[in-house]
Structures are given as structure tokens and as C-alpha cells.
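Heads up: the structure comes next, in C-alpha cells.
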Amino acid sequence: MPIQTEKYGFVINGLRHISGRECMEICREEGILLDVRPEYELTSLFDLERVLYFPYEEIKECYGELPEEVILVIADAVGLRSKETAIFLQEKGFRNILHLSGGIVDWERDGLPVTLDKTNRLSGSCVCQLKRRERIK
């Protein structure tokens, strides 16, 4: 029996926003979390079995590669680019779109599972000098 997404979260302007705990429940059953953060932001990763990484900058050219028949929970760092992505996908005909409120920042704050990818950690004395902290082998 398919998940009834109407029982989750709240709707603003036609987009359903859900919490991290609701996202975990949905993704355990049948949903996929679509993380739209750029590569340099992927130090903390959602620790879920069903995650797709698709940078926000590539969505408009490549959205046709995304599965339309499953529930997609759109996420990013704090919820700004993911909301734009969710609205864009709805406009392109995707019907099973949910938005993760607060992104990975709220996810981590709520104590939900993350994994760390140390290869993407950056350091530098200012933004113009950022570089990877670990060498990629």
C-alpha cells in the first residue's frame, strides 16, 4: 500500500514540507531523499539507504533523469535551494514531491543519523583561500 503523504507535515503554496523524522519514515518505506547541495557542501551526509545526490545547478538540464514514480524528498543545507528545486519539479509534472524543512542543518540538530565525508572538508583563513583539508587518493 503506497504511503499517504497527506498525513505528513504541512502545506504552504501547494508544497508539502516535512520534518526529518517524517523523512526517515517515508524513505524507509518507499521514498528517496534527493540532496541538491553542491559537492563542496557534502561533508555531512544523510545516513539513509535511499539517497540521490544531484547538485542544484544541474537540475534544470537533467531533471528528466529523476524517477517520477517514487516519492522524492528534496533536501539541501537549510531548505532554500531545495524549496526552489521542489517547486521547479512540481512545475515539470512531478507529483510525488516533498520538501525537507531545515535541510541537513535541522536534521543534525534533531540528532538524526549522518555520516561524515572527510574528503570534502574545507579550510582556509578566508573564503577566497578555501581548499580541501584532506588529500584525495
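Since every read-out is calculated from the coordinates, none of them should be taken as a lab result. The structure displayed is predicted, hence computed values, not measured ones. Cβ placement follows ideal geometry from the backbone for every residue including glycine, while neighbour counts extend to all protein chains displayed.
Dipole size of the range 5-132 about its Cα centre, with +1 on Lys/Arg Cβ and -1 on Asp/Glu Cβ: approximately 380 debye, rounded to the nearest 20. The charge dipole of the range 1-74, taken about its Cα centre with unit charges on the Cβ atoms of Lys, Arg (+1), Asp and Glu (-1) only, comes to about 340 debye.
With both bridge residues required to lie in the range 1-90, what share of the DSSP beta bridges run antiparallel, to the nearest 5%?
Numbers: 3 of 10 bridges.
Beta bridges within the range 1-90, antiparallel portion: roughly 30 percent.
The alpha carbon centroids of the range 1-29 and the range 68-101 are separated by 11 Å.
Give me the count of lysine pairs in the range 5-132 whose alpha carbons sit under 20 angstrom apart, restricted to pairs 8 or more positions apart or on different chains. Don't jump to the answer; show the numbers that get you there.
Numbers: 7/83; 60/83; 60/92; 83/92; 118/131.
Lysine pair count for the range 5-132: 5.
Dividing the radius of gyration of the alpha carbons in the range 5-132 by their Kirkwood radius gives 0.98 for Rg/Rh.
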